[in-house]
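Read the structure below first, then the notes.
The values are calculated or read from the model by the stated rules, or taken from the named source; none is laboratory data. Remember, predicted model here, so these are calculated numbers, not experimental data. Cβ placement follows ideal geometry from the backbone for every residue including glycine, while neighbour counts extend to all protein chains displayed. Side chains are part of the model used for accessible areas, which takes the heavy atoms of the whole protein and leaves out ligands, DNA and RNA. Shrake-Rupley method; radii C 1.70, N 1.55, O 1.52, S 1.80 Å.
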Amino acid sequence: MNIQFDETNLLAEMVGKAHGVTRAEVERAQSKAQKALASFRKQSEAGLFGFPHLPFQSKVIRAIGRYAAEVRGSYDTVCVVGIGGSALGAWALDCGIRGPHPIQGAFTTEHPRLVILDNVDPDFTAAALRSMDPQKTLVVVIAKSGGTAETVATFLIVREWLQQALGATAGRIVAVTTEGKGDLYELARTERYQIFGIPENVGGRFSVLTPVGLVPAALIGIDIAKLCRGAARITADCWQPDLAKNIALRAALYHWLIWTRKDKPIQVAFPYSNHLWGTAFWFRQLWAESLGKAQNRKGETVHTGQTPVAALGSTDQHSQVQLYIEGPNDKVFTFWAVKRFHSTGQIPDAHIGLAAFDSLAGQSLAKLIDAERRATAAAMVECGRPNCTVTLDRVDEEHLGAFLQMMEFQTAFMGELLNINAFNQEGVELGKKLTFGLMGRSGYEPYRAEFAAYEKKRAAAR
Ligand code: PA5
């Protein structure tokens, strides 16, 4: 397993002092990185934040594996009902290991497909239900809180769909939620669903290696032991004080310097691999929700945050790169490169006497996508646009597990460098409460009143 972080194109020598960091700036910030590491380690060891320990929970990993082995063969579709941190991890894993839709192989009971219902768009939900056979669908409902409106509403629809077709839901529903707490847990117990718990000290966006991500992954045939093995291996590196060995800490430090000292409020995650496209969306949530905060730990108003953008290489070179190279210099770019693809994409050695064709004949798509990325990085440097590259040897279970875990560490370290709590999400909670108020849930009357005040203000402004 090999993941590397190359920060060279973030240096002032490459992109100029206005947009790149000097070695002296990096040197001066070293002690901050060490403090960030020590502070996060202390909190993690005190049990406040659980994600670093997840790859080592072999009992949970084995229990999920056993369950998946028991039910295998009885379904050709796994339908996840969940949203945000309760959906994006499963998508990143499915897309990473089995490939992006629509190029995944034919769906069978040996190769079940994953359908994620993570929006309450009624047309999308209806079409998804039409596309699944209730006799051959295993439903996984995921909510840490056990009461998120979108998940609950969609689940009621899916549950009824199953009941109408099968007469009962026994054995067809798995619930992943906080054990002993919340309405989903209550329902799951009453209706005797298979239940897997989410540790209290792991928030949604950090939960891909809990049953939130591992249950759907195991059910669609991903080797979750390998995923966790990769994550465990990088975890050891992520606790190293030596920046040369700890790529998560080094990446956090460079990104912090570029963002806060060189004024780059936007980060573009730029995978040159369709298999990593789901991971880019997972990362968007991780970075946005963890670092977008009104207050720092001292209670000062800071309104900090770096806007994450997902772009796909080389596709988005023909869509976004004009802006990236000539538009405002307010972004830092992180290329995600893959050294070895599963196939090479050999281009036929057919010389037809036309330069555009003949120059590529006999080469490969793997070489071309690599050239496209390196050329874009070089063009960015020429135009003073700071960028860096994370390289995965390949996209397999071990590398993906390690990459996800590395990004969680990087985010946690960034939270420490900014002196914010990267693990809460008050902004998300407010929207959830206002929705409950609007939908008439009892106990949420004050939020209904808050919304009425907002509507009054709108009416006056019109
Ligand atoms: O990261 C988070 O905490 C959120 O994005 C949650 O994952 C999301 O709101 C879904 O919450 P729940 O799992 O309680 O339904």
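Filtering the stretch 162-192 to residues that are in a helix (DSSP H, G or I) and among the charged types (D, E, K, R) leaves ASP183, GLU186, ARG189. Among the conditions (1) open to solvent by 60 Å² or more (accessible area, probe 1.4 Å); (2) within 23 Å of the chain's Cα centre (by Cα); (3) within 16 Å of the ligand (Cβ to nearest atom), the only one that ARG394 does not satisfy is (3). Scanning the stretch 402-415 for any residue that is surrounded by 15 or more Cβ atoms within 10 Å (Cβ to Cβ), over 19 Å from the mean Cα position of the chain (by Cα) and within 16 Å of the ligand (Cβ to nearest atom) turns up nothing. Filtering the stretch 69-85 down to residues that are buried (at least 21 other Cβ atoms within 10 Å of the Cβ) and of a type in the set (A, V, I, L, M, F, W, C), which residue is farthest from the ligand (Cβ to nearest atom)? Per the stated criteria, the residue is VAL78. For the stretch 118-138, what are the residues that are of a type in the set (Ser, Thr, Tyr) and surrounded by 15 or more Cβ atoms within 10 Å (Cβ to Cβ)? Listed by number, the residues that qualify are THR125, THR137. Those strands (runs of 3 or more DSSP E) of the stretch 249-362 in which at least 1 residues are open to solvent by 30 Å² or more (accessible area, probe 1.4 Å), considering only elements entirely within it, cover 266-271, 293-295, 301-304, 307-310. Selection over the stretch 18-33 of residues that are part of a helix (DSSP H, G or I), farther than 16 Å from LEU418 by Cβ and not small (Gly, Ala, Ser) gives a count of 6. When the stretch 183-203 is filtered for residues that are farther than 23 Å from GLN135 by Cα and open to solvent by 30 Å² or more (accessible area, probe 1.4 Å), the ones remaining, listed by number, are ASP183, TYR185, GLU186, PRO199, GLU200, ASN201.
With respect to (1) in a helix (DSSP H, G or I); (2) out of contact with any helix residue (DSSP H, G or I) (no Cβ under 8 Å at 6 or more places or on another chain); (3) free of Cβ contacts under 8 Å to residues at least 24 places away in the same chain, the lone exception for SER442 is condition (1).
Step by step: first the residues of the stretch 86-116, then only those that are open to solvent by 10 Å² or more (accessible area, probe 1.4 Å) and within 16 Å of the ligand (Cβ to nearest atom), then the one that is nearest to LYS144 (Cα to Cα). Which residue is that? Ranking the qualifying residues of the stretch 86-116, first place goes to SER86.
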